Amino acid sequence: MRRKPGSLVPLELAICVCATELRRQEIVEFHGYEMARRLGDAGDQKLLTAYGTLYRALSRLEQMGMLASRWEDPEIPARENRPGRRLYTLTAAGEAAVRDAASREAEQAAAGWAPGKRPGRKAAPA
Amino acid sequence: MGAGQAPGTKGGPGMTSPARVRPTPPPLPDPRGDSASLALGFATAIVRVWTRAYTWRLEPAVRDRRRAEIESELWEFQRDPERGAYPAVHTIARLLIGIPDDLSWRAECVSARRTPLRARLRIAAWTVATAVVIAALYILPLMTAATLPPLPDKPRVRMPAPPPPPPPPCAPPGYAQHRPCTP
């Protein structure tokens, strides 16, 4: 299925929302596993975000300019004897996308629209 | 090296100003015992093998980045105290669910690397032209008349004397010019 350019799929939006929440907790940068954990804990039930799905979504968001990323300072993983982390940061465009999505959702909620229910369509007369 | 290259590759990672990141958890002893950690080790190995397989022959920067990210994630998961009761099952499930995305990501990477049609046509034209020139250089000398070396002198061969002719055939009576047949 082709997607509209610039539109976000639910997982990408969820990543941006999680990144916004992390920023509120003063965690500016996050790595892939941190995001996978957050996404898993976000709903009522534990959700699995596959490796391929997550990293594909992260790289797509980066290409769209909603995330920026860098490798952490190589001295830190060397000191802690672990692999280096790719650190992601939500950009201004990402924050704007989250705000847009939130306002759209609020509008839809105000209009009484729910997914699966088409707005503005009256029931056919019996 | 830019921020897109994995650590350990040429040049080292690009650094920017330090920002707050969640600190690294300390390594945990596995409370589930040896069999659980063995199963997790096996699951981790499968993820590594699969990652190597689907990133095989991609561009080095793209390939190394994905491999390093998965490696980091596996390491973090092994050290996570809240990783759940069945970490091996969790790891394998995450691998299996992500296989379609892994494959389509690979396809995207491969198609992005492909040269556009016009460039491919140009390359094909140059290849054909080069092949024609090489073939011509090979064939032209074959088509020109070559001066052959002189033939050696005829060898003098002594032929043995031919055998005597056979006797003439016998003739029926009345044919005098032939000798009579003897029984």
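The values are calculated or read from the model by the stated rules, or taken from the named source; none is laboratory data. Just so it is clear, the model here is predicted, and its values are computed rather than measured. Don't worry about glycine lacking a Cβ; one is built from the backbone with ideal geometry, like all the others, and counts go over all protein chains shown.
Let's see how each residue does on (1) in contact with a His (Cβ under 7 Å, 6 or more places away or on another chain); (2) under 23 Å from A:Ala97 (Cα atoms); (3) at pLDDT 90 or above:
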site	(1), (2), (3)
A:Cys16	no, yes, yes
A:Asp41	no, yes, no
A:Asp44	no, no, no
A:Tyr55	no, yes, yes
A:Ile76	no, no, yes
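Would a scan of segment A:60-69 turn up a residue that is more than 15 Å from the chain's Cα centre (by Cα), closer than 19 Å to A:Val28 by Cβ and at the interface with another protein chain (Cβ under 7 Å from one of its Cβ atoms)? No, the conditions are met nowhere in segment A:60-69. For segment B:98-116, the criterion of being of a type in the set (D, E, K, R) and more than 11 Å from chain A (Cβ to nearest Cβ) is met by at least one residue. Do you know which residues across segment A:23-32 are without any contact (Cβ under 8 Å) to a residue 40 or more places away in the chain and part of a helix (DSSP H, G or I)? Of everything in segment A:23-32, just one residue is without any contact (Cβ under 8 Å) to a residue 40 or more places away in the chain and part of a helix (DSSP H, G or I), namely A:Arg24.
In the set (1) more than 7 Å from every other protein chain (Cβ to nearest Cβ); (2) touching an Asp or Glu at 6+ places or on another chain (Cβ under 6 Å), A:Arg56 fails one condition alone, (1). The residues of segment B:74-121 that are assigned to a helix (DSSP H, G or I) and surrounded by fewer than 12 Cβ atoms within 10 Å (Cβ to Cβ), listed by number, are B:Ala107, B:Ser111, B:Ala112, B:Arg113, B:Leu117, B:Arg118, B:Ala119, B:Arg120, B:Leu121. The set of residues from segment B:75-89 being at pLDDT 90 or above and within 8 Å of chain A (Cβ to nearest Cβ) comprises B:Trp75, B:Glu76, B:Phe77.
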